[in-house]
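The values are calculated or read from the model by the stated rules, or taken from the named source; none is laboratory data. Model, not experiment: these values are computed from the prediction. Positions of Cβ are generated from backbone atoms using ideal geometry, with glycine treated the same way; all protein chains shown enter the neighbour counts. Protein only, heavy atoms only, side chains kept; ligands, DNA and RNA dropped before computing areas. Shrake-Rupley method; radii C 1.70, N 1.55, O 1.52, S 1.80 Å.
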Amino acid sequence: MSGVHVDERDHIWILQRGNTVQLDLGDDYLEAGSAECCTPAPSLVEFDPSGKIVQAWGGPGPKANRSTGIGMPRTGEIPRVQGVEWPREHSLFVDAEHNVWMGCNDTINGEHCAVLTKFTSDGKVIWQKGQTGKSKGNTDTENFGEPAGIWVDSATNEAFIADGYWNRRVIVIDAKTGAYKRMWGAYGEPVEKTKAGYSVPYDPKAPLSRSFGSAVHCIEGSRDGLLYVCDRQNNR
């Protein structure tokens, strides 16, 4: 599972990768459409507070996605659902209108996933922003870099994205339209001063970095108007 969220009704949502990576190296579900133990659940599962499944939807079917093994990198065609990309799932947020937001963490044919997708609560695509293979780097306002965390502010109708594994920034978009609004790097530095790409291992003896590391991995807004961001590589 790569995401969990409790919405305003106390319904529990999970995001999981049963159909986008192999369950184990001996499992043939992705190839044959069957498995030794079971059939994986869809990517999104919603539970009520008692644990009863309300609904489940999303994700590519069998044979839609070829994998070289567990994790990255993967080869083959990018799977598509409802005509939009469905990369390896990462990050989940359910907003006040019960719309479901999903990011991604994937490398396909050497290209890093660059999409953020917004769905209705029953799984219909509202819009998808970005296109894998089209990212122009850390300052691109139309594509992401493996977006790893999402938080939507219902008061301002803005979505804040921790972007991410490949980029080094927080980017803010209009939650209704997906239009770009602003971005920044660590310590509020301009994004141009941060680097895109996976970083070197963390060195506790090195001087404190003024840039985000890999990954800008999670993001949460607080009731007092502050934003908290995980800078995983730099242990902060």
**Study point:** Residues of the range 38-54 satisfying the condition of being open to solvent by less than 50 Å² (accessible area, probe 1.4 Å) and either in contact with a Leu (Cβ under 9 Å, 6 or more places away or on another chain) or small (Gly, Ala, Ser) (or both)
**Key:** PRO40, ALA41, SER43, LEU44, VAL45, GLY51
Practice item. Scan the range 133-150 for residues that are within 17 Å of ASN105 (Cβ to Cβ), in contact with a strand residue (DSSP E or B) (Cβ under 6 Å, 6 or more places away or on another chain) and open to solvent by 20 Å² or more (accessible area, probe 1.4 Å) and jot them down. Key: GLY133
Practice item. Show the residue pairs that are 6+ apart or on different chains and have beta-carbon atoms under 7 Å apart, the first residue being within the range 147-161 and farther than 13 Å from CYS230 by Cβ and without any contact (Cβ under 8 Å) to a residue 40 or more places away in the chain, the second being surrounded by fewer than 21 Cβ atoms within 10 Å (Cβ to Cβ) and of a type in the set (A, V, I, L, M, F, W, C). Key: GLU158/VAL172
Exercise for review: Please enumerate the residues belonging to the range 104-119 that are more than 9 Å from PRO87 (Cα to Cα) and assigned to a strand (DSSP E or B).
Suggested key: GLU111, HIS112, LEU116, THR117, LYS118, PHE119
Review point. So is TRP57 at pLDDT 95 or above, of a type outside the set (A, V, I, L, M) and open to solvent by less than 50 Å² (accessible area, probe 1.4 Å) or not?
Key: yes
**Study point:** Members of the range 215-231 that are touching a residue at least 40 places away in the same chain (Cβ under 8 Å) and out of contact with any Lys or Arg (no Cβ under 7 Å at 6 or more places or on another chain)
**Key:** CYS218, ILE219, GLU220, GLY221, LEU227, VAL229, CYS230, ASP231
Practice item. Only one of these is more than 29 Å from ASP7 (Cβ to Cβ) and modelled with pLDDT of 90 or more: THR117, THR132, THR139, THR107. Name it. Key: THR139
Point to revise | Filter result (under 19 Å from ILE171 (Cβ atoms) and either among the hydrophobic types (A, V, I, L, M, F, W, C) or out of contact with any strand residue (DSSP E or B) (no Cβ under 6 Å at 6 or more places or on another chain) (or both)) within the range 85-98 | key: GLU85, LEU92, PHE93
Practice item. Tell me, please, whether a residue that is touching a helix residue (DSSP H, G or I) at 6+ places or on another chain (Cβ under 7 Å) and among the basic types (Lys, Arg) can be found in the range 123-138. Key: no
Check your understanding: Hey, any hits in the range 169-181 for a residue that's open to solvent by 30 Å² or more (accessible area, probe 1.4 Å) and among the polar types (S, T, N, Q)?
Key -> yes
Review point. Cβ-Cβ below 7 Å, separation at least six or inter-chain, first residue in the range 174-191 and under 14 Å from LYS129 (Cα atoms), second assigned to a loop (DSSP other than H, G, I, E, B): which pairs?
Key: ASP174/ASN157; ALA175/ASP95; ALA175/ASN157; LYS176/ASN157; TYR180/THR141
Check your understanding: What residue, of ILE161, ILE126, is open to solvent by 40 Å² or more (accessible area, probe 1.4 Å) and aliphatic (A, V, I, L, M)?
Key -> ILE126
